[in-house]
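Below is one structure; the comments refer to it alone.
The values are calculated or read from the model by the stated rules, or taken from the named source; none is laboratory data. On a predicted model such as this, the values are computed, not experimentally measured, just so you know. Glycine gets a Cβ as well: all are built from the backbone with ideal geometry, and neighbour counts include every protein chain shown.
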Amino acid sequence: MNFVRTILPLACFLLINSVNAQQEKSKNFTETINGSTLQIEMVAIPKGSFTMGSEKTAKKRNDDEGPAHSVSLDEFWISKYEITWEIYNLFVNREIDNVDKNNKAKDINVEVDAISGATIPYVDMSLGMGTSEGLPVANVTQYAASQFCKWLSAKTGHFYRLPTEAEWEYSARAGTTTAYSFGDDPSQLKDYAWYYENSDNSYHKVGLKQPNPWGLYDMHGNVAEWTIDHYLPEIYESRKKKTTSPVEFTHSTYPRSVRGGSYDDDPEYLRSAARLGSNENWKMRDPQFPKSKWWNTDAPFVGFRIVRDPKVPNEQEINNYWGD
């Protein structure tokens, strides 16, 4: 079955309580989704600055990681775990759309019926790795992940989106300056990540390894994670030594930036500074024409986690964040 709904014109979005949301004291919270018993644990990330990228002397460094530069960010929330199949399928199946939305004060008001629905996949998009409880969703496109965020925003009244590259790296580093959040020694990865050496060629339930210093799980390995940003290998070269809240918007499908490395990667690709750009090969076996905007057929190593932004942006930025 294919659920298709007309997208609400952007001008019809009613943004409310934005000032109150910005002033809300940051603390961890659990997001509930009316009509479901499933929840999403959100971790408060403090306002601060960090060095994004890596120095030329860093081991296994790639050219797209430099030059290292200072980035300042405002506070936000990020999901403790990667989004799982059972949570994502609430969006795919759309069976709870008509259940009343959360009735508390809202940051943003979006009509859930006006949000396009993802197609039901025609094959097992887990490629045999499973979709049972706790397993991270994978093989979804960056557009699909963004539309999930839009749907979740409509259901909860909170503004959700994918993280920017800068927010992702800041969260992954969690105040550290080493290659990984636990240090520079890749031999310790087995305690924090699922990767090529210990994954048995499959992703695993979220949260089984140790978290980083800010309480986030699977920032290294398991599935790699979508960000908002256009992947530009030389973008750091054009930035000032100190920059604030950088993000590279694009309406192009490829390449988009992916972070964190996956169960199928070697240790160097799981470093906090490591970057990857998406490409058309992730849909190589897709028989549809045009190819699906919702599903990949050849990227079971890519999933996502979400950010709640306390600052509701302007209408154009919302369009950029959600990919409308």
Quick one: would you say I87 is aliphatic (A, V, I, L, M) and in a strand (DSSP E or B)? no
In segment 278-315, what residues are farther than 23 Å from M42 by Cα and touching a helix residue (DSSP H, G or I) at 6+ places or on another chain (Cβ under 8 Å)? S278, K291, S292, K293, W294, W295, N296, T297, D298, A299, E315
Flagged pairs (Cβ under 8 angstrom, 6 or more apart or on separate chains; first in segment 40-58, within 13 Å of A166 (Cα to Cα); second crowded, with 17+ Cβ neighbours inside 10 Å and at pLDDT below 95) are none
Just need a number here: residues in segment 1-51 that are polar (S, T, N, Q), modelled with pLDDT of 50 or more and touching a strand residue (DSSP E or B) at 6+ places or on another chain (Cβ under 7 Å). 7
Tell me which of these E41 doesn't satisfy, since it passes every other one: (1) in a loop (DSSP other than H, G, I, E, B); (2) within 25 Å of V312 (Cβ to Cβ); (3) among the acidic types (D, E). (1)
Can you pull out every residue in segment 179-196 that is touching a residue at least 12 places away in the same chain (Cβ under 8 Å) and either among the charged types (D, E, K, R) or part of a loop (DSSP other than H, G, I, E, B) (or both)? A179, S181, F182, D184, D191, Y192, A193, W194, Y195, Y196
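Quickly run through segment 264-320 and pick out the residues that are aliphatic (A, V, I, L, M) and surrounded by 15 or more Cβ atoms within 10 Å (Cβ to Cβ). It would help to see each step written out before you state the result.
Taking segment 264-320 and keeping what is aliphatic (A, V, I, L, M), we get 270, 273-274, 276, 284, 299, 302, 306-307, 312, 318.
Those that are aliphatic (A, V, I, L, M) and surrounded by 15 or more Cβ atoms within 10 Å (Cβ to Cβ): L270, A273, A274, L276, A299, V302, I306, V307, V312, I318.
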Out of everything in segment 114-150 that is modelled with pLDDT under 95 and either surrounded by 24 or more Cβ atoms within 10 Å (Cβ to Cβ) or aromatic (F, W, Y) (or both), what residue ends up being nearest to Y203 (Cα to Cα)? Y122
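Restricting to segment 215-265, and then to whatever is in a loop (DSSP other than H, G, I, E, B) and of a type in the set (A, V, I, L, M, F, W, C), can you tell me which residue is farthest from L189 (Cα to Cα)?
Keep residues of segment 215-265 that are in a loop (DSSP other than H, G, I, E, B), which gives 215-223, 231-234, 239-241, 245-255, 260-265.
After this cut, where a residue has to be of a type in the set (A, V, I, L, M, F, W, C) as well, the list is 216, 219, 223, 232, 247, 249.
Details: L216: 15, M219: 11, V223: 15, L232: 28, V247: 29, F249: 32 Å.
So, considering only residues that are in a loop (DSSP other than H, G, I, E, B) and of a type in the set (A, V, I, L, M, F, W, C), the one farthest from L189 (Cα to Cα) is F249.
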